[in-house]
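Below is one structure, written out as structure tokens, with a few remarks after it.
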Amino acid sequence: MKRLSESGIVRQLAEHKAKHITRRTIAALQRLTDCKLSGDDSVLANTWDEICAQVQGEESYAWDVYVETMKAILAGDVEELASYEREALWLQTNQGSDWDCEDEKAREPYPICNGDIVEYLLSDYVLTAADGWSNTRIRAYLDWSSLRD
């Protein structure tokens, strides 16, 4: 069995937590069915469907509302993490990576920022998942959207 380095262990822990939080975020967005911005007559069943359709198609006028909703859900999960989990995730962000490359004597102690973690999870995990997610409703909506153009 191959042994991992310390940084490899941190990376695996962060990836495990990121995937777990992503699954929780998707499930929370799938439960949001009463505030669809695509309209009551839309084939899309929930907010997650709407996000997937927009990531794969075209962002709507209300894209910022979806982004804020995703960030709020992610922020709640990040707040609940143990400090070592939050640190492992933060080290995967651009800010954490930059900090890790600084001279140890000159850098400040872990300047962890939950906002950095939320942005990282949103861009690298949740929106990536949305880009690859499909179901009959999303396909039908994207087909309908392409016919309108």
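Derivation of every value follows stated rules applied to the coordinates shown; laboratory data play no part. Computed from a prediction, not measured in an experiment: that's the story for all the values here. Every residue, glycine as well, gets a Cβ built from its backbone with ideal geometry; the counts of neighbours run over all protein chains shown.
Expected output is a single nm value to one decimal: the length gained when fully extending between W63 and R24, i.e. 0.36 nm times separation in residues minus the C-alpha distance. What is it?
Gain on extension, W63 to R24, equals 12.0 nm.
What distance in nm lies between label points placed 7 Å from Cα along the C-beta direction at K105 and D131?
It is 4.2 nm.
In whole percent, what relative contact order does the stretch 1-77 give with Cα contacts below 8 Å and a gap of six or more residues?
27 percent
Using modelled amide H (1.01 Å from N, peptide plane; none on Pro or chain starts), what sits under 5 Å from the amide H of S38, excluding residues fewer than 5 places away?
Amide H neighbours of S38: none.
Three principal axis extents, largest first, for the C-alpha atoms of the stretch 12-89, in Å?
Ordered largest first, the stretch 12-89 gives principal extents of 45, 22, 18 Å.
Straight-line reach from K19: which aspartates and glutamates have a Cα under 14 Å away, not including same-chain ones fewer than 8 places off?
D77, E85, D124
Debye sum, Cα scatterers, the stretch 87-149, no solvent: what log₁₀ I/I(0) at q = 0.11 1/Å?
Debye intensities relative to I(0), on a log10 scale: -0.45.
In the stretch 62-100, whose amide N lies under 14 Å from the spot 7 Å out along Cα-to-Cβ of S123? List them in ranges.
Once the point is set 7 Å along Cα→Cβ of S123, 92-98 turn out to lie under 14 Å by backbone N, inside the stretch 62-100.
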